[in-house]
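Before any comments, here is the structure.
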Amino acid sequence: MQKIVGETAKIWGCSGRVRVLCDGECISGADLATLRALGIAPGTEMTEETFNKLQEMEFLSARQRIVRLLEGGDRSVRRIEELLLAKGYDRYIVERVILWLLERGLVNDAALADRLGERGNGAKGKRALAQDLIRKGIPQQVAQQAVERITPEDEEKSIQALLPRLLRRYGERDPRDARRLIAQALYRRGFSGT
């Protein structure tokens, strides 16, 4: 691969990152500092060796960014993918980083869904919890499996824990109105009507 770097185009919303164009075709996204370190500029020749170095440096940069992010808490595979793509990394680099994370057990959607399910179950029913998990990037099937592990007894305990608060809020009303308002509040929190 002997291509001449035509130009670099700024990636909108990504400070310090550009797309590298050769023969009018985007061949990579990159940090400006990485391009400078490799001596890549418009009009220079891009050899296969230089391109491979660029890809490896991009992989290391993306991996470092995500490892730092994971120090602050778990993320789903989809959230990591969205973040890296939004930062201007190529899909190939994003897939390599995700594979690297999965191979080392640093991301696990099923375990994340279980942890979020256990933590979020106190004030939410199965339906709301499944929606929350999906919103956080957990695949629908994995979210459903995590929610299915919640037993009716667990849901009953959650409702019992919520009732004192709901009774304080609605207990002064007419008993029929209070029952209706409590049932609506439980439904909004994702508890089933059974």
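The values are calculated or read from the model by the stated rules, or taken from the named source; none is laboratory data. Keep in mind it's a predicted model, so treat the numbers as computed, not measured. Side chains included, ligands, DNA and RNA excluded: accessible areas come from the protein's heavy atoms. Shrake-Rupley method; radii C 1.70, N 1.55, O 1.52, S 1.80 Å.
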I need the per residue convex hull volume for the range 91-194, using only the alpha carbons, in cubic angstrom as a whole number. 107
Of the accessible area of the chain, with the probe set at 1.4 angstrom, what percent is carbon plus sulfur? 51
Give me the three principal axis extents of the range 108-152 from the C-alpha atoms, as integers in angstrom, largest value leading. 24, 16, 16
Treating the range 75-147 as a set of equal point scatterers at the Cα positions, no solvent, please give the Debye-formula log₁₀ I(q)/I(0) at q = 0.12, 0.17, 0.23, 0.24 Å⁻¹. -0.35, -0.63, -0.94, -0.99
In the chain, if every C-alpha pair distance is counted and binned at 10 Å from zero, what percent goes to each bin? 8, 26, 20, 16, 13, 9, 5, 2, 0
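In Å², what does the accessible area per residue of the range 83-194 work out to with a 1.4 Å probe? Intermediate results must be reported in sequence, preceding the final value.
Numbers: 7010 Å² over 112 residues.
Solvent-accessible surface per residue comes out at 63 Å².
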